[in-house]
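Just so you know, all these numbers are worked out from the coordinates, no wet-lab data involved. Given the structure is predicted, the values throughout are model-derived calculations rather than measurements. Here the Cβ positions follow ideal geometry from the backbone for every residue, glycine too, while neighbour counts run over all protein chains shown.
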Amino acid sequence: MEVLRGFNPNEPQSLTQAYPVADGVTVLSGQVVSLVYDDAYVGKHKWVLGWTAGIPYIAINDWAPSTGLGADADVMEAGKLPALSSAGQFEIQTPFWANSADALQTGGGGDFVIDAPVGPAAKTGYIKVVALESGIPIMGYVTRHRGPLFLGPTGEGNNGVNSSAVAANLHVVTFQTAYAPNTGDAIE
């Protein structure tokens, strides 16, 4: 994932959260995550992959404890994965976008045209184009669709912006965050 605008990790004004990830879950930078309540956990909340309820977030770093592939050592040691809120003001570029069947799309543009509303694709961790009044929250709007782009590691390991577990030269979609609940009620 690349954050093109709106993210300064040293400024506390950004709408970000950092929580532990649920057991057995692998998350890659640029995937959608959601907070779930876990009464057994001391902090009470953990990230899960995909959207379950509430405001969807986008993972900033990789969390891959079982494979170690792409895992950010600092994030793993801290035990918390940072993520950007779709209610924030960010422009995000991600290779994790889905077709209408919620399957990972790796080429072509499909419905990802400029100004198309995007939301979470179920529990896959991908974004997809969503219909207004569909009940799926709007995370933002497509600002551009781009062909192959290298989103691999830069320098030594994962620097908090690029996923080291994502293959090079994937097609990416760029969207501006603009969260809206999209409850299914018509706007009059």
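Show me the ranking of peptides 121-128, 19-26 by mean Cβ neighbours inside 10 Å, starting with the highest. Intermediate results must be reported in sequence, preceding the final value.
Values: 121-128: 22.5, 19-26: 16.4.
For the peptides 121-128, 19-26, the packing ranking is 121-128, 19-26.
Suppose R0 equals 45 Å; then what is the FRET efficiency for ASP39 and ALA180 from their Cβ-Cβ distance, rounded to the nearest 0.05? Write out the running numbers ahead of the final one.
Numbers: r = 30 Å, r/R0 = 0.67.
FRET efficiency, ASP39 to ALA180: 0.90.
Summary of packing: across the peptides 34-40, 137-143, 54-60, 96-102, the per-residue average of other C-beta atoms within 10 Å ranks them, highest first, as 54-60, 137-143, 96-102, 34-40.
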